[in-house]
Each structure stands twice: as structure tokens, then as C-alpha cells.
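Heads up: the structure comes next, in C-alpha cells.
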């Protein structure tokens, strides 16, 4: 997917609204090689930003910025790259920062006081305690990330995608879907971050359980 994005139009305004890839490499891991991706550094997700707000809602001015950037990103992905993201949610939208000292301070702190770590299995795998970045002096624009579930959009699909609360009717009904599932996804997510609660529960109201792959119901719209 990153190769498709790299080979697409350089002049599209949505190009800088998606996370780019700087490099990729493999490292030896327990029993196998692990693929690693190198991206430009970003600060935190919209979800984390949202949870630091006591009411867990974003003001309309910030929602407008997020929406503008999302639609630019999707126009770039859909029209220039023929990519369907399929997993748009608040923790896949990251805020950048114009304050690079956030990262140099983090590096210096780690050199002076390394975070606690421990080996967790016989293969010697090491895990590290998470460490927060300090608040930047200036935030950057929102960027759409995580293309691990993305698919090529030049044909219809039938795979089961999206989180339950954001799932498009076409996906639930196992109908062929295409680019429009991303637009449905955005609409549900924006309601979430603006209203402070989900538009749908993701559960079957009759049986009180998570929706199965097929549910008979009446839907309006074409998503």
C-alpha cells in the first residue's frame, strides 16, 4: 500500500494527510524475522487526545479540522491510489507536532534514566514500560495512519471489515462493498468524537450480543 501511495500524484493536497513510509527493514526475532516500518514521528492519536478531555468530546472547530483532513486523505487514497482504508477510527488518526524538542527530550530522558524492562519468555524477548511524551508547544495537523487492513479498491470486496460500532450495512449484510464503506466509517466516527458516544452499539438489540456476520434489517443509504 505504501508503494502505491509513493507512486501516486505528488501534487494532491491529501498526500500529506496520510502517514508516509520512510524505510522498512527486517530484524531477527524469536524464531523468525520481524518486519519493521519506519515512519515520520507523530505525537498521539485523536483517541488519546479525546480521553484527556474531561467530557471526552471534541469542540466543533477541532472536529472540522479532523474532517477536512480525513476527506483530503480519503480523496487521495480513493482517487489517486485506489486504496480503501477499511479501519478508520480515532486511534488510527494521529496528531503531529511542530515541536521536535518533544522527541529529543524523550531521547535524553531515556539515556539518563532508562525505563524499566524485563524478559518475558525463554527466547529472551524484552518488554519495556511505556513512557509518555511531554506536551508539545504546538500540535501538527491530523494524519490518517495504519494501513494494515487496507485493500485495493479497483474491484468489489466481500471481506468482513471494520469495528462493530462502525460497520457498514453492506458489510453486515455481506453485500459487495467498495470505497463507500470508508465514508460510512467516517460518519460514525465523527459522531463519536463530537457527541461523546457511539451512534450504534454494535450489538443485536434482540439477543443482546455482538452482531453476527449477517443481520436482517432495513437500512437507508448506500454505504
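Bear in mind that the values in this text are calculations on the coordinates, not laboratory data. Just so it is clear, the structure is predicted and the values come from calculations on it, not from any experiment. Cβ: placed from backbone, ideal geometry, glycine included. Neighbour counts: every protein chain shown.
Things worth noting here:
- Using just its DSSP H runs of length 4 or more, each adding -39500 (n - 2.57), the chain gives a mean residue ellipticity at 222 nm of -7500 deg cm²/dmol after division by all residues.
- Residue 141-residue 28 FRET efficiency (beta carbon distance; Förster radius 41 Å; 0.05 resolution): 0.65
- Nearest 10 degrees, 0 to 90: helix 60-75 Cα axis against the chain principal axis: 80
- Largest GNM mean-square fluctuation among 52, 69, 117, using the chain with Cα springs under 10 Å: 117.
- Taking the chain as a Gaussian network of alpha-carbon nodes connected by springs under 10 Å, the highest mean-square fluctuation of the residues 168, 101, 198 belongs to 101.
- The relative contact order of the chain comes to 22 percent, based on Cα pairs under 8 Å that sit 6 or more residues apart.
- Gyration tensor (Cα) of segment 54-158, equivalent ellipsoid semi-axes in angstrom: 33, 23, 13
- Of 191, 184, the sequence from fewest to most neighbouring Cβ atoms within 10 angstrom is 191, 184.
- Compared with the direct C-alpha span, the chain from residue 129 to residue 36 gains 31.5 nm at full extension, assuming 0.36 nm per residue.
- Listed by Cβ neighbour count within 10 Å, with the fewest neighbours leading, 118, 89 appear as 118, 89.
- Distance-filtered residues of segment 16-54 - backbone nitrogen under 19 Å, label point 7 angstrom along residue 119 Cα→Cβ: 28-32
- Our analysis of segment 18-94 gives Rg over Rh at 1.07, with the two radii drawn from alpha carbon positions and Rh computed by the Kirkwood formula.
- Taking the fewest neighbouring Cβ atoms within 10 Å as the starting point, the ordered list for 179, 26 is 26, 179.
- Rounded to 10°, Cα long-axis angle of helix 101-112 versus longest principal axis of the chain: 50
- Residue of 68, 162, 112 that the Gaussian network model of the chain assigns the largest fluctuation, springs spanning Cα pairs under 10 Å: 112
- The angle between the Cα long axis of helix 180-195 and the main principal axis of the chain comes to about 70°, on a 0 to 90 degree scale.
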